[in-house]
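See structure below.
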Number of protein chains: 2
Amino acid sequence: MSADLRPRVEQAVRHVVDRLVPINVSARHLHIRADHLEMLFGPGAQLTKLRDLYQPGEFASNETVSVVGPNRRVFERVRILGPVRSITQVELSYNDGRYIGLELPARISGDIEGTAPIVLIGLRGTIQLPQGVIRALRHVHMSPADGVRLGVANGQLVNIKTVGPMSVTFHNVKVRMGDTLRLEMHVDTDEANAAGLGTHTLGLLL
Amino acid sequence: MSADLRPRVEQAVRHVVDRLVPINVSARHLHIRADHLEMLFGPGAQLTKLRDLYQPGEFASNETVSVVGPNRRVFERVRILGPVRSITQVELSYNDGRYIGLELPARISGDIEGTAPIVLIGLRGTIQLPQGVIRALRHVHMSPADGVRLGVANGQLVNIKTVGPMSVTFHNVKVRMGDTLRLEMHVDTDEANAAGLGTHTLGLLL
């Protein structure tokens, strides 16, 4: 390429690279309250780490439960993500919900008011939760510094485009900002399948 | 609104309305060759109409088969769409494929070369197809007149945006033109779930 084009090309490439967002696919999983953990796994039960997740402090635990839907179909070995939280919340894809007899609402994590009841079966006990099963609304985590660089605010809805032969642009992706959060978009398996995404990939914040 | 704005508003609305595309969701289904139909349902078997589909001449038949994957999991009552065709082809979502043990390739209908074998079970017989199971690549049917109006050519890849809280833009949507075809986009259940689409909806060709 000619010498005087180079700066413009470099600028264009930098513009794209600066707006790349890692995308990770959330398989079905749950978060759990300490008292529910004890009801499922016995008094004094703790989550034990299988592996760290991308967000600092978050981990996949060795502990799994069976999740039973209203039609009595079961997902076995649904993994608990740690650390323990203030609410117990099961996150399934819409397709998963259909399989166990639920029309899942798309909710941001933590917003479980009025959602369907669900049964959890652990090694040492069973709970019938009065509510707490959602389809997680797609979202992108980031630090305030990422927000400044990308020009977006906490809670804002943004557009993120995937690449590849089955490329889609996800609209209405909610920004969830936190001091300790790393830049990362979360999609569920339905969204990953629709876009033909593998486990780890990159999107472009438009 | 002021009188002199009205023509511009009407023009803008017309522009959008002109580019609306009906979107229908394809659940898992199959097309079938006449000889395979006879192997599954007995000599002289014919497809009988359950209901017409949106495309002229196409129909959902009363006939269903069980589809068995390599892991021996089964989808029961998978519907045959008529009329009979020159190839037998099973169309599943990517998620369906995972369930029965297949990593499905995204293919345009009819392009089954090198795809996985699959077992079909009918009322009167069973076939092990050497190949013929795909994930249907998203596409939009239209007539040549639609193509002229929308400014697109047969085989072209276009972008179609859905509306609603889980809006997505599907990129690389293949135009499949034919004299008898009606304007209609087909997505699979993964794509419908990702976009939060109901059975009948509208998208906007960008």
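The values are calculated or read from the model by the stated rules, or taken from the named source; none is laboratory data. Model, not experiment: these values are computed from the prediction. Cβ: placed from backbone, ideal geometry, glycine included. Neighbour counts: every protein chain shown. For the accessible areas, the whole protein counts, side chains as well, though only heavy atoms, and no ligand, DNA or RNA atoms are used. Shrake-Rupley method; radii C 1.70, N 1.55, O 1.52, S 1.80 Å.
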> Yes or no: B:Asn154 closer than 17 Å to B:Ala195 by Cα, polar (S, T, N, Q) and open to solvent by 10 Å² or more (accessible area, probe 1.4 Å)?
Replying inline: no
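Among the listed residues A:Leu102, A:Leu181, A:Leu197, which satisfies the condition of being open to solvent by less than 50 Å² (accessible area, probe 1.4 Å), within 14 Å of another protein chain (Cβ to nearest Cβ), in a loop (DSSP other than H, G, I, E, B) and at pLDDT 95 or above?
Only one candidate passes the filter, namely A:Leu102.
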> Which ones in segment B:157-175 are within 14 Å of chain A (Cβ to nearest Cβ), open to solvent by less than 60 Å² (accessible area, probe 1.4 Å) and free of Cβ contacts under 8 Å to residues at least 40 places away in the same chain?
Replying inline: B:Gly164, B:Met166, B:Ser167, B:Val168, B:Thr169, B:Phe170, B:His171, B:Asn172, B:Val173
>> Checking B:Ala145 against (1) farther than 30 Å from B:Glu38 by Cβ; (2) open to solvent by 20 Å² or more (accessible area, probe 1.4 Å); (3) more than 14 Å from chain A (Cβ to nearest Cβ); (4) under 20 Å from the mean Cα position of the chain (by Cα), only one condition comes out false. Which one?
In response: (4)
> Given (1) more than 25 Å from A:Leu92 (Cα to Cα); (2) surrounded by 14 or more Cβ atoms within 10 Å (Cβ to Cβ), where does B:Ser93 come up short, assuming only one miss?
Replying inline: (1)
>> Can you tell me which residue is farthest from B:Ile118 (Cα to Cα) among those in segment B:30-44 that are open to solvent by 20 Å² or more (accessible area, probe 1.4 Å) and among the small types (Gly, Ala, Ser)?
In response: B:Gly44
>> For a quick check of your reading: which strands (runs of 3 or more DSSP E) sit entirely within segment A:22-90 and have at least 2 residues that are more than 26 Å from B:Asn95 (Cβ to Cβ)?
In response: A:49-52, A:59-68
> Does A:Val140 fit the bill of being over 22 Å from B:Val173 (Cβ atoms), away from chain B (no Cβ under 14 Å), open to solvent by less than 20 Å² (accessible area, probe 1.4 Å) and under 17 Å from the mean Cα position of the chain (by Cα)?
Replying inline: yes
